[in-house]
Amino acid sequence: LPDDRKKPIHIAANSAQIDENSGITTYTGNVLITQGTMKIKAAKVNLYQKNNDVNRIVATGSPASFSQQASANQAITDAFGQRLEYQVDQQTITITGNARVEQDKNQFSGERIVYQMEKSLVNAYSGEGNSGQRVQMIIQPKAK
Amino acid sequence: MLLNQSKARVAVASILLLPLLAYWIINPDDVQETPTQSALSQGADYYLKGSKVKEFDEQGKLKATLSAAELTHFPDQALSRLLSPSVEMQDEKGTPVTLTSKTGTLFDNEDRMTLDEDVRVTHNPNMPDASLLTTSSLNFDRRSGIASTDLPVKITNQQFETTATGMTININSRTSDLLSDVKGTFYVEP
């Protein structure tokens, strides 16, 4: 929801390592992050702080997952990938490694997907050259 | 004449003191041992009140200050029991760190001590990014600057609060490991 970003960020994990020099806290094992309706599940999360504020979260897993309800009248958006990077200020999630986004039964996949949380906008990118993963979209027809 | 007067005075004094003597004999326990006497009777060889030990490194720079309201040394156990111990030190970047608790134990010939009951580790006190760790018992190796506990801990500062069970803190390198059951809440700037 639009005011998700003003809500506290809650984190639970099996263990954690705090490095005050770099401002990075690494959470490991069944990591669950919630902030309002946003939810990130991962095997490992690096949480970056600047002047005590959380400004970036990188989640990795097989896959790591993200879900959020963009607004009250919209369906929940789900994203999956081996790596999710949440940029708090820009309110974007960048998904790489078998990146896939599901939105109201529509599916997007590609080498890299950038999901803009405030506009609920999905930008999918293919990989370079022939070997790169191509962008694929499955758009479900609207029921009449 | 003079002799009779002094005999009379001694008799009167004895009569006055007799009840006190009798009370003391009947109720010896009521006479409270002072902490010093009870410590000494348990094998302490020396006892300090309001002690402060300053430790310097090879370059003569103040490394740490260990103080305690009371310190009682027990040679047989090769340790000292501390009341209200406090350790003030700095991490590698010169950031002040203070460890306090209600009681503690300082082990002879080792740089090890334990802090017990209402243990508080304050990092960068009086600063906006000050953080406070609380737990109920902490082992602290003063040489390596590593503190550890197996018990529940809570870390708080203006922006976040984290709880866990079991922790290792390397005060010098400013890194910590939260060993299990980690839960954190980060408050976002409005």
Candidate lysines for bridging to A:Lys39, where Cα separation is under 26 Å - those fewer than 8 sequence places away on the same chain excluded: A:Lys6, A:Lys7, A:Lys50, A:Lys105, A:Lys119, B:Lys154, B:Lys183
Local net charge near A:Pro2, Cβ-Cβ under 14 Å (Lys/Arg +1, Asp/Glu -1): +1
Cα coordinate range in chain A, projected on the principal axes (Å, largest first): 53, 39, 25
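Using a/c under 1.5 as the rounded threshold, could you call the stretch B:129-173 rounded, prolate or oblate? The axes a ≥ b ≥ c are square roots of the C-alpha gyration tensor eigenvalues, and prolate needs a/b larger than b/c, oblate otherwise. Don't jump to the answer; show the numbers that get you there.
Numbers: a/c = 2.55, a/b = 1.35, b/c = 1.90.
Oblate, because a/c is 1.5 or more while a/b does not exceed b/c.
Given 0.36 nm per residue, what is the gain on full extension from B:Phe56 to B:Asn109 after removing their alpha carbon distance, in nm?
Details: separation 53, 0.36 × 53 = 19.08 nm, distance 1.70 nm.
17.4 nm is the gain from fully extending B:Phe56 to B:Asn109.
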Euclidean distance between Cα centres, the stretch A:43-84 to the stretch B:82-130, Å: 37 Å
A:Ile139-B:Lys154 FRET efficiency (beta carbon distance; Förster radius 51 Å; 0.05 resolution): 0.55
Neighbourhood charge, 10 Å Cβ-Cβ cut-off, centred on A:Ala75 and excluding it, Lys, Arg +1 and Asp, Glu -1: -2
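Run the numbers on the stretch B:75-152 and let me know its relative contact order in percent, using alpha-carbon pairs under 8 Å that are six or more apart.
Values: 165 pairs, mean separation 17.6, N = 78.
Reported relative contact order: 23 percent.
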Chain lengthening between A:Gln90 and A:Gln107 when straightened (0.36 nm per residue, less Cα-Cα): 3.8 nm
Cut-off 19 Å (backbone N to label point 7 Å along Cα→Cβ of A:Ala72), residues of the stretch A:33-66: A:36-38
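Read-outs: derived from the displayed coordinates by stated rules, not from any lab. None of the values given here were measured: they were computed from a predicted structure. Note that each Cβ is placed from the backbone with ideal geometry, even for glycine, and that neighbours are counted across all protein chains shown.
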